[in-house]
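Let me begin by presenting the structure, written as structure tokens, before commenting on it.
The values are calculated or read from the model by the stated rules, or taken from the named source; none is laboratory data. These numbers were taken from a predicted model, which means no experiment stands behind them. Every residue, glycine among them, receives a Cβ derived from its backbone with ideal geometry; neighbour counts consider all protein chains shown. These area figures cover heavy atoms from the full protein model, side chains too; ligands, DNA and RNA do not enter into them. Shrake-Rupley method; radii C 1.70, N 1.55, O 1.52, S 1.80 Å.
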Amino acid sequence: MKALVLTGKKQLEIQNLDQPEPKANEVLVNAKYAGICGTDYALYNGLPGSAPAVPPIVLGHENSGVVAAVGSDVKDLKVGDKVTVDPNIYCGKCDYCRTSRPELCESLSAVGVTRNGGLEEYFTAPETVVYKLPENVDLKSAATCEPISCAVHGMELLDIKPYQKALVIGDGFMGLIFAQMLKSYGVKSVDLTGRHDDKLAEEKEKLGVDRVINTTKEKIPAEYDVVIEAVGQPATQEQAVEATVKGAQVLMFGVGAPDQKFSMNTYEVFQKQLTIKGAFINPNSFEGAIALLQSGKVDVNKIIDNVISLEDVESVLNGTSNLKGKSVVKISD
Ligand SMILES: [Zn+2]
Ligand SMILES: [Zn+2]
């Protein structure tokens, strides 16, 4: 079968691998679509994602497919089921797992990071992380359940109230997911920042956000109860803190470089009684992600920009492609 293998730092190769055999507790998935995200850029460049990836490895932690075979102990899934796979597998034995914080697991393994993922025609995963899809969720959308589930986890860390004014900083794929989720959670208003007028105008129309702010031209007003930073740069992290009113919550969702810092007025944190939170991966949040797709509250077909082939992945990851925005790879028919 065809597989895109990370063979070393900044090296991807299409190889013909043997189709894997599912173990007793595993499911063999015929991959249909796989999303490409910032984690894949990091892994391609030799940096850690949620965990370090050791080549040779097949990436693809955002995926969807159809069950092709099941191990002897698998009872709740059958051949032909449409599924998506939560990449993150927790050890269940460390202090974090045993205190209801599995996302902080000391020995996390992950499909598409520490074991082969969805950028190949067939991959295996333990039954416990395979989710059957509702009839009305298409396989292309389902490949984005993982990023949506990370946003669900982020939202669960916040205390969302109907009176709040919310701001999403950054109109990349994650920012647009958060904007749709905040709309559906019922806050007073949802504003969105970006850097291009035409892109922002289109997003306002498509997603129904209340106001868009082009930060290359306009300063963000300090009027938000909830601010979600979805870029991961020091400048936008500073904007996030500065955009708050008293009592506000800031979710630092964007992933910065491992050694990156930003500056913050600590008196402001004190005087406004701010809550600043990080959010790591997606514990128990796949059901929520699937429900958001099923109900249409999050519509990713509006915000997936490119459907590409396995052969195109390297040019997207090394920046030589001129494709912009979210790419989803079509793996098999
Ligand atoms: Zn991802
Ligand atoms: Zn653990």
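Of all residues in region 112-156, those satisfying the criterion of being under 22 Å from Ile177 (Cβ atoms), in a loop (DSSP other than H, G, I, E, B) and either among the aliphatic types (A, V, I, L, M) or open to solvent by 10 Å² or more (accessible area, probe 1.4 Å) (or both) are Val113, Leu119, Leu133, Pro134, Asn136, Val137, Asp138, Ala143. Quick check on region 25-39. Is at least one of its residues free of Cβ contacts under 8 Å to residues at least 60 places away in the same chain and surrounded by fewer than 20 Cβ atoms within 10 Å (Cβ to Cβ)? No; the residues of region 25-39 include none that is free of Cβ contacts under 8 Å to residues at least 60 places away in the same chain and surrounded by fewer than 20 Cβ atoms within 10 Å (Cβ to Cβ). Restricting attention to region 36-51, the residues that are in a loop (DSSP other than H, G, I, E, B) and away from ligand 2 (no atom under 16 Å from the Cβ) add up to 6. Scanning region 99-115 for residues that are touching a Ser or Thr at 6+ places or on another chain (Cβ under 8 Å) and away from ligand 1 (no atom under 14 Å from the Cβ), we see that the one that is farthest from Asn63 (Cα to Cα) is Leu108.
Is it fair to say Lys165 is in the same structural domain as Ala240 (by TED's automatic domain parsing) and either hydroxyl-bearing (Ser, Thr, Tyr) or touching a residue at least 60 places away in the same chain (Cβ under 8 Å) (or both)?
So Lys165 fits the description; yes.
Exactly one residue out of Ser72, Ser107 is more than 30 Å from Lys9 (Cα to Cα), among the polar types (S, T, N, Q) and assigned to a loop (DSSP other than H, G, I, E, B), and it is Ser72.
Just give me the residues in region 245-294 being assigned to a helix (DSSP H, G or I), free of Cβ contacts under 8 Å to residues at least 40 places away in the same chain and out of contact with any strand residue (DSSP E or B) (no Cβ under 9 Å at 6 or more places or on another chain), in sequence order.
Thr266, Tyr267, Phe270, Ala291
Are any residues in region 71-105 of a type in the set (Ser, Thr, Tyr) and in contact with a Phe, Trp or Tyr (Cβ under 8 Å, 6 or more places away or on another chain), and if so, which ones? Correct list: Thr84 only. Taking the conditions (1) touching a residue at least 12 places away in the same chain (Cβ under 8 Å); (2) within 16 Å of ligand 2 (Cβ to nearest atom) in turn, Leu77 satisfies each one other than (2). Could you list, in sequence order, the residues of region 277-309 that are open to solvent by 70 Å² or more (accessible area, probe 1.4 Å) and of a type in the set (Phe, Trp, Tyr)? Scanning region 277-309 gives a single hit, Phe280.
Val241 meets each of the listed conditions (1) surrounded by fewer than 18 Cβ atoms within 10 Å (Cβ to Cβ); (2) among the hydrophobic types (A, V, I, L, M, F, W, C); (3) touching a helix residue (DSSP H, G or I) at 6+ places or on another chain (Cβ under 9 Å) apart from (1).
Of the residues making up region 167-189, just one is over 20 Å from Ser149 (Cβ atoms), of a type in the set (Val, Ile, Thr) and part of a strand (DSSP E or B), namely Ile169.
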